[in-house]
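See below for the structure under consideration.
The values are calculated or read from the model by the stated rules, or taken from the named source; none is laboratory data. If you're wondering where the values come from, they're calculated on a predicted model, not measured in any experiment. We place every Cβ from the backbone using ideal geometry, glycine too, and count neighbours over all the protein chains shown.
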Amino acid sequence: MMQRRIQALGRLKTGEKNKTEQAYADLLTARLHAGTVAWFEFEGLKFRLADNTFYTPDFTVMLPDGEIELHEVKGFWTDDARVKIKVAAAKYPFRFVAVQKRAAKNGGGWSTEIFE
C-alpha cells in the first residue's frame with residue numbers, strides 16, 4: 001500500500017515526460033535524424049485491454065519501412081505494468097518493446113525486451 005501511495009505522488013500529468021522518458025525521447029530524436037526512425041510520438045496511442053482497463057505505451061515509433069512499434073520506458077517494472085504490456089502484445093498486432101536505461105557502471109545505453 002505504501003509503495004502505491006508513493007508512486008501516486010510521483011505521477012506526472014498526461015503528456016509530461018519523466019527524466020528517463022525524456023532521455024529516451026532524445027535518443028529517438030537522434031535516431032530520427034540518423035534515419036533509423038521515421039516518426040515517433042509520446043503517448044500517441046491508447047489500447048483497450050478489457051472493460052475499464054487501458055494501456056498507453058510511452059512512445060509510438062514508426063520505423064523507416066513503415067512498421068509501427070510501441071516502446072515502454074521503465075526505470076523498474078511493477079507486476080501491473082508487466083501484465084498490461086503482455087496482454088497488449090497478445091491482443092494487438094504490434095511489436096511492444098520495453099526499454100530500461102542501464103547504469104553507466106554497467107556500460108550505459110539501453111537494454112530492451114521484446115513482447116510479441
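Counting only residues that are farther than 13 Å from Ala23 by Cβ and without any contact (Cβ under 8 Å) to a residue 24 or more places away in the chain, which one in the stretch 104-116 is surrounded by the most Cβ atoms within 10 Å (Cβ to Cβ)? Among them, the one singled out is Glu113. One residue stands out in the stretch 88-103 among those that are in contact (Cβ under 8 Å) with a residue 24 or more places away in the chain and farther than 18 Å from Glu43 by Cα: the one that is nearest to the chain's Cα centre (by Cα), namely Lys101. Just checking, does the stretch 38-47 include any residue being free of Cβ contacts under 8 Å to residues at least 60 places away in the same chain, closer than 16 Å to Glu116 by Cβ and either assigned to a loop (DSSP other than H, G, I, E, B) or not charged (D, E, K, R) (or both)? Scanning the stretch 38-47 turns up at least one residue that is free of Cβ contacts under 8 Å to residues at least 60 places away in the same chain, closer than 16 Å to Glu116 by Cβ and either assigned to a loop (DSSP other than H, G, I, E, B) or not charged (D, E, K, R) (or both). Residues in the stretch 28-66 that are touching a Gly at 6+ places or on another chain (Cβ under 9 Å) and over 19 Å from Ala89 (Cα atoms): how many? Of the residues in that region, 2 qualify. Look at the stretch 50-61: where a residue is acidic (Asp, Glu) and a partner is part of a strand (DSSP E or B), sitting 6+ places away or on another chain with Cβ atoms under 9 Å, you get Asp58/Phe42; Asp58/Leu70; Asp58/His71; Asp58/Glu72; Asp58/Val73; Asp58/Val99. Do we have any residue at all in the stretch 57-64 that's out of contact with any Phe, Trp or Tyr (no Cβ under 6 Å at 6 or more places or on another chain), of a type in the set (S, T, N, Q) and surrounded by 10 or more Cβ atoms within 10 Å (Cβ to Cβ)? Looking through the stretch 57-64, at least one residue is out of contact with any Phe, Trp or Tyr (no Cβ under 6 Å at 6 or more places or on another chain), of a type in the set (S, T, N, Q) and surrounded by 10 or more Cβ atoms within 10 Å (Cβ to Cβ).
Among the residues examined, Thr112 does not qualify as in contact with a Gly (Cβ under 8 Å, 6 or more places away or on another chain) and part of a strand (DSSP E or B). Taking Gly75 as the residue in question, decide whether it is part of a loop (DSSP other than H, G, I, E, B) and at pLDDT below 95. Spelling it out, Gly75 is indeed part of a loop (DSSP other than H, G, I, E, B) and at pLDDT below 95.
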